[in-house]
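The values are calculated or read from the model by the stated rules, or taken from the named source; none is laboratory data. Here the structure is a predicted model, which is why all the values come from computation and not from measurement. For neighbour counting, all protein chains shown are included, and Cβ atoms are generated from backbone atoms with ideal geometry for every residue, glycine included.
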Amino acid sequence: MSGVLTFLDRLGRWGLESVHGTGRAGVFLYEAVRGIFRPPRKFHAVVRHVYFIGTKSFFVIGFTAAFTGMVLGLQGYYTLSKFGSEGALGAAVALSLIRELGPVLSALMVTGRAGSAICAEIGIMRIEEQIDALECMAIDPHAYLVSPRFVASLIALPLLTAFFDVVGIIGGYAVGVSLLGVNPGAYLDGMEKAVEWLDVSMGITKSFLFAALFIWICTYKGFYAGVDEGRFGPEDVSRATTDAVVLSSVAILVSDYVATSLLL
C-alpha cells in the first residue's frame, strides 16, 4: 500500500510541476513578445544577435548543406535510375531540400551552435544574479535579454534556410551532373517545373516556426537555470543547456510533422 501511495505522490508532484512549468513558459513567451513592442527600441542589439545567430552560422550551414545536397544527388540518382527517371533528379533534390531538409537541418544546426550558447549566456547571468540586478534597476529582463534574440532568430533562420537550399541544390547538381552524367538541362528543367510557390512558402513557414521554438526554449531554460532546484552553480547551467538543446531538437522534429500535415 505504501508503494502505491509513493507512486501516486510522485505522479501528482510530476503533474503539478509540469503544469507549473508549462504555465511559466507561456508567461515567459508572452513577456518576451510584449517586450518587442516596448520602448526603447533595441535596433543595435537585434543587429548584434543577427550577426551571432546568422552570420557566424554561415560556415556550418553551408558545409552541412553542400554534403546534404551531394548525398541527395547520389542516393536520388541510384534510386531514380532503377525506373529510368534520372532526369527527375533535380526535382527530387530541390523538393526534398526546400520542403523538409532545408528548414529542419538549418534549425537543428543553429540550435546546436547558437541556441546552446544563448542558453549558457543567460544561465550564467542568472547564477551571477545579473538578472536580479536588472530587476532591481527596474529594467525588464525579458525585454532587455530575450526580445532582441527573438527578433534576431526570426530574421536569421529563414535567411539561413534559403542559403541552405541554394547550396544544397548546387551540391546535388555537382554530383548528379558533373559526377554521374545527368543532363544539366534536364536537371534544371525538372527542378523548375516541379518546384511551386507552395513548396517555397512551406519551407519559409517552417523556418519561422522553428526559429520561434528554438529561441523560446533556449532562452527559457537559461533564464530559469537552477531556479527550481534552488541552486545556482555551473552544473545547473550545463544541465539547462543540455536540456535546451535536446528539447529544442525534439520540438523541431515534432513540429515539423505537425506543420507538414497541416500545410500539405
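For the structure I just gave you, tell me whether V195 is at pLDDT below 90, touching a helix residue (DSSP H, G or I) at 6+ places or on another chain (Cβ under 9 Å), of a type in the set (V, I, T) and surrounded by 14 or more Cβ atoms within 10 Å (Cβ to Cβ).
Yes, satisfied.
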Condition test on T205, is it of a type in the set (S, T, Y) and in contact with a Phe, Trp or Tyr (Cβ under 9 Å, 6 or more places away or on another chain)?
no
If we keep only residues of the stretch 31-61 that are among the charged types (D, E, K, R) and part of a loop (DSSP other than H, G, I, E, B), then the residue surrounded by the most Cβ atoms within 10 Å (Cβ to Cβ) is K42
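Take the conditions out of contact with any helix residue (DSSP H, G or I) (no Cβ under 8 Å at 6 or more places or on another chain) and among the polar types (S, T, N, Q) and apply them to T68. Does it pass?
No.
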Being small (G, A, S) and part of a helix (DSSP H, G or I) is the filter here, so list the residues in the stretch 119-148 that pass it.
A120, G123, A133, A143, S147
Taking first residues from the stretch 21-38 that are within 18 Å of I155 (Cα to Cα) and second residues anywhere that are β-branched (V, I, T) and part of a helix (DSSP H, G or I), the pairs with Cβ under 8 Å that are 6 or more apart or on different chains are A32/V146; A32/T219; G35/V146; I36/V151
Criterion violated by V182 - all others in (1) crowded, with 23+ Cβ neighbours inside 10 Å; (2) among the hydrophobic types (A, V, I, L, M, F, W, C); (3) under 24 Å from the mean Cα position of the chain (by Cα) satisfied
(3)
Looking at G222, G203, which one is of a type outside the set (A, V, I, L, M, F, W, C), within 18 Å of R99 (Cα to Cα) and surrounded by 20 or more Cβ atoms within 10 Å (Cβ to Cβ)?
G203
Check the stretch 74-85 and report whether any residue there is part of a helix (DSSP H, G or I), closer than 20 Å to A244 by Cβ, basic (K, R) and without any contact (Cβ under 8 Å) to a residue 60 or more places away in the chain.
no
Suppose the filter is out of contact with any Cys (no Cβ under 8 Å at 6 or more places or on another chain) and under 19 Å from I252 (Cα atoms); does L97 pass it?
yes
Taking the stretch 240-264 as the region of interest, how many residues are buried (at least 16 other Cβ atoms within 10 Å of the Cβ), more than 16 Å from A120 (Cβ to Cβ) and among the β-branched types (V, I, T)?
1
Could you tell me how many of the residues in the stretch 166-207 are touching a Pro at 6+ places or on another chain (Cβ under 9 Å) and of a type in the set (D, E, K, R)?
1
Is one or more of the residues making up the stretch 200-215 among the basic types (K, R) and either at pLDDT 95 or above or over 18 Å from M125 (Cβ atoms) (or both)?
yes
Just to be sure, is V104 surrounded by fewer than 20 Cβ atoms within 10 Å (Cβ to Cβ), at pLDDT 90 or above and under 30 Å from L188 (Cα atoms)?
no
Mind checking whether some residue in the stretch 102-111 is in contact with a Lys or Arg (Cβ under 6 Å, 6 or more places away or on another chain) and assigned to a helix (DSSP H, G or I)?
yes
